[in-house]
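Participant: Have a look at the structure that comes next, please.
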Amino acid sequence: MYRRILIANRGEIALRVIRACRELGVETVAVFSEGDRGANYLTLADEAYCIGPARASDSYLKIANVIAAAEVGDVEAIHPGYGFLSENAHFNEICRNCQIDFIGPSPEAMAKLGDKNTARAIAREAGVPVVPGSEGVITDESEALRFAHEVGYPVLIKATAGGGGRGMRVASNDLSLKSALQQAQVEAEAAFGNGAVYLEKYVEHPRHVEVQVLADKHGNAVHLWERDCSTQRRHQKLIEESPSPNVSEATRLAMCQSAVKMILASDYHNAATVEFIVDGEGNYYFIEVNARIQVEHPVSELISGVDLIKAQLRVASGEELWLTQDDIPRRGHAIECRINAEDPARNFQPSPGRIERLIVPGGFGVRFESHAHSGYVVPPYYDSMIGKLLVHQPTRAEAIACMLRALRELKVDGIKTTIPLHQEILSHTAFSEARIDTTFVERTFTGEKA
């Protein structure tokens, strides 16, 4: 096990890693921007270094500054968390060149899976179902039109280096395809520095289901079951749960096994999430791999009993997997609500500012993960998530009831949050009956075009 690591992230995930390291006897070096100076969680690390101004591009995304902090802090490894540099293969390679372990996959595996077109090819070779799509990158309108006429409208334009819905457009006819193709390319170039896109047949009203996988450096891999992330807005997840409702046991097992096959075929090690969409007939299709720990990883921890952050550290340090698939149960039902500093009544406008009072819910099966506290000032520079509220109960109905109770107890005074929206969603008959898909929130609550 490592003696000392650096955490190249901030907020809730940085605190989560600090706590796991403390329990493992691993020293931690935190980094922070001027926007996070004085944050309480930084005092829990063994050391903390400022790496730049408040803007992420000048601090958390500044590779040279992160590496300098790692060298000054005399660390053996870097945990990237999620977001920022967590899926940056170049940063991963720099870590290796500096003889610092990157707690995640190899740069080669990350680069392969980070390109969605290459990942689709790997999936096909591994026998994992994929949505019918273009053979490669689409470079002009004529190629796009030819594909659309072959598979039929609607079609989905996706950035090969995309994520979070950026560089993604749906087209329902020739005219909209020409316009959407250009928009997706421009948006992808601006967001990722790579304007390449490909096309897929658009599966209407799908469920979004992902499988948590853990693989070591010795050729072993297991899954920690699936999470349903269909409750989302504009491709941004709001609520995650496990097990996925309305997915048959046969589909669940086949999908989980496909995820493991995908990871093994990629020569991947550490934690990963393999994402699928599921259509109305129960057919599932691979869409992408997230080569990092995800925001919603505690959902899988609750149903499996496996601490994924500790597992990441153990695997990265060279340990062989201590679990077989038979050692990983699926217990009860878990739900996570992302608590964002946003105002749903004003088109999810960010709501930074001082939290005047924070009251955290408790009780059997309730877990709140957050770096925020009474008096904490939510900065305007970063993602708006300030915490994750999770519940774990024997059944889905009990989990929904528990979450509604916990949301009522959770008080975040001084700023607007997504708590009221979560209460509306969880109280809706369609949610309780699991009649949801990825367009449910937009169709039902926001009045936006799904």
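Participant: Take the residues in the range 56-71 that are among the charged types (D, E, K, R) and in a helix (DSSP H, G or I), then tell me which one is nearest to ASN97 (Cα to Cα).
Facilitator: Only one residue fits best here, namely GLU71.
Participant: Sort through PRO298, PRO361 and tell me the only one that's touching a Leu at 6+ places or on another chain (Cβ under 6 Å) and either within 30 Å of ASN220 (Cβ to Cβ) or not assigned by TED's automatic domain parsing to the domain that holds GLN212 (or both).
Facilitator: PRO298
Participant: Give the residues of the range 1-33 that are out of contact with any Leu (no Cβ under 8 Å at 6 or more places or on another chain) and part of a strand (DSSP E or B), sorted by residue number.
Facilitator: Correct list: ARG4, LEU6, ILE7, GLU27.
Participant: Would you check if PRO352 is touching a residue at least 12 places away in the same chain (Cβ under 8 Å) and under 22 Å from ARG227 (Cβ atoms)?
Facilitator: Considered against the rule, which asks whether it is touching a residue at least 12 places away in the same chain (Cβ under 8 Å) and under 22 Å from ARG227 (Cβ atoms), PRO352 comes out as no.
Participant: Here is a further query. Could you run through the range 104-124 and say how many residues are assigned to a helix (DSSP H, G or I) and crowded, with 16+ Cβ neighbours inside 10 Å?
Facilitator: Going through the range 104-124 one residue at a time, the tally reaches 13.
Participant: Something else about it: For the range 262-284, enumerate the residues that are in contact with a helix residue (DSSP H, G or I) (Cβ under 9 Å, 6 or more places away or on another chain), surrounded by fewer than 19 Cβ atoms within 10 Å (Cβ to Cβ) and assigned to a helix (DSSP H, G or I).
Facilitator: Within the range 262-284, just ALA265 meets the criteria.
Participant: Looking for something surrounded by fewer than 23 Cβ atoms within 10 Å (Cβ to Cβ) and part of a helix (DSSP H, G or I) - is there at least one such residue anywhere in the range 96-103?
Facilitator: yes
Participant: Which members of the range 344-391 meet the condition of being β-branched (Val, Ile, Thr) and within 19 Å of the chain's Cα centre (by Cα)?
Facilitator: ILE386, VAL391
Participant: Give the number of residues within the range 1-49 that are free of Cβ contacts under 8 Å to residues at least 60 places away in the same chain and either β-branched (Val, Ile, Thr) or not assigned by TED's automatic domain parsing to the domain that holds ALA77 (or both).
Facilitator: 5
Participant: Next question. Return the only residue of VAL391, VAL412 being in contact (Cβ under 8 Å) with a residue 60 or more places away in the chain, crowded, with 20+ Cβ neighbours inside 10 Å and among the β-branched types (Val, Ile, Thr).
Facilitator: Of the residues listed, the single one that is in contact (Cβ under 8 Å) with a residue 60 or more places away in the chain, crowded, with 20+ Cβ neighbours inside 10 Å and among the β-branched types (Val, Ile, Thr) is VAL412.
Participant: Could I ask something else about it? Among the listed residues ILE287, ILE303, identify the single one that is buried (at least 20 other Cβ atoms within 10 Å of the Cβ), of a type in the set (Val, Ile, Thr) and either modelled with pLDDT of 95 or more or not assigned by TED's automatic domain parsing to the domain that holds THR417 (or both).
Facilitator: ILE303
Participant: Please tell me if GLY81 is at pLDDT below 95 and under 22 Å from the mean Cα position of the chain (by Cα).
Facilitator: For GLY81, the condition - at pLDDT below 95 and under 22 Å from the mean Cα position of the chain (by Cα) - is not met.
Participant: Within the range 147-184, how many residues turn out to be in a strand (DSSP E or B) and either exposed (fewer than 15 other Cβ atoms within 10 Å of the Cβ) or not basic (Lys, Arg) (or both)?
Facilitator: 12
Participant: Within the range 242-256, is there a residue that is surrounded by fewer than 21 Cβ atoms within 10 Å (Cβ to Cβ), farther than 23 Å from ILE328 by Cα and among the charged types (D, E, K, R)?
Facilitator: Among the residues of the range 242-256, not one is surrounded by fewer than 21 Cβ atoms within 10 Å (Cβ to Cβ), farther than 23 Å from ILE328 by Cα and among the charged types (D, E, K, R), which makes the answer no.
Participant: When you go through (1) over 11 Å from ILE335 (Cβ atoms); (2) touching a Gly at 6+ places or on another chain (Cβ under 8 Å); (3) small (Gly, Ala, Ser) one by one for SER384, which number turns out not to apply?
Facilitator: It is condition (2) that SER384 fails.
Participant: Exactly one condition in (1) touching an Asp or Glu at 6+ places or on another chain (Cβ under 6 Å); (2) at pLDDT below 90 is not met by GLU135; state its number.
Facilitator: Here GLU135 meets the rest and fails (1).
Participant: Follow-up. Report, by residue number, each residue of the range 415-434 that is closer than 19 Å to ALA345 by Cα, touching a residue at least 40 places away in the same chain (Cβ under 8 Å) and in a helix (DSSP H, G or I).
Facilitator: Selection gives ILE419, PRO420, LEU421, HIS422, ILE425, LEU426.
Participant: Related question: Of all residues in the range 40-55 being touching a Lys or Arg at 6+ places or on another chain (Cβ under 8 Å) and outside any strand (DSSP E or B), which is surrounded by the fewest Cβ atoms within 10 Å (Cβ to Cβ)?
Facilitator: Among residues in the range 40-55 that are touching a Lys or Arg at 6+ places or on another chain (Cβ under 8 Å) and outside any strand (DSSP E or B), the one surrounded by the fewest Cβ atoms within 10 Å (Cβ to Cβ) is ASP46.
Participant: Given (1) among the acidic types (Asp, Glu); (2) surrounded by 20 or more Cβ atoms within 10 Å (Cβ to Cβ); (3) within 28 Å of LEU323 (Cβ to Cβ), identify the lone condition not met by GLU200.
Facilitator: For GLU200, the exception is condition (3).
Participant: Against the conditions (1) modelled with pLDDT of 95 or more; (2) assigned to a helix (DSSP H, G or I); (3) more than 22 Å from SER57 (Cα to Cα), where does GLY127 fall short? Just the number, please.
Facilitator: Of the numbered conditions (1) modelled with pLDDT of 95 or more; (2) assigned to a helix (DSSP H, G or I); (3) more than 22 Å from SER57 (Cα to Cα), the odd one out for GLY127 is (2).
The values are calculated or read from the model by the stated rules, or taken from the named source; none is laboratory data. Everything numeric here is computed off the predicted structure, so don't read it as measured data. No Cβ is skipped: glycine too gets one built from the backbone with ideal geometry, and neighbour counts run over all protein chains shown.
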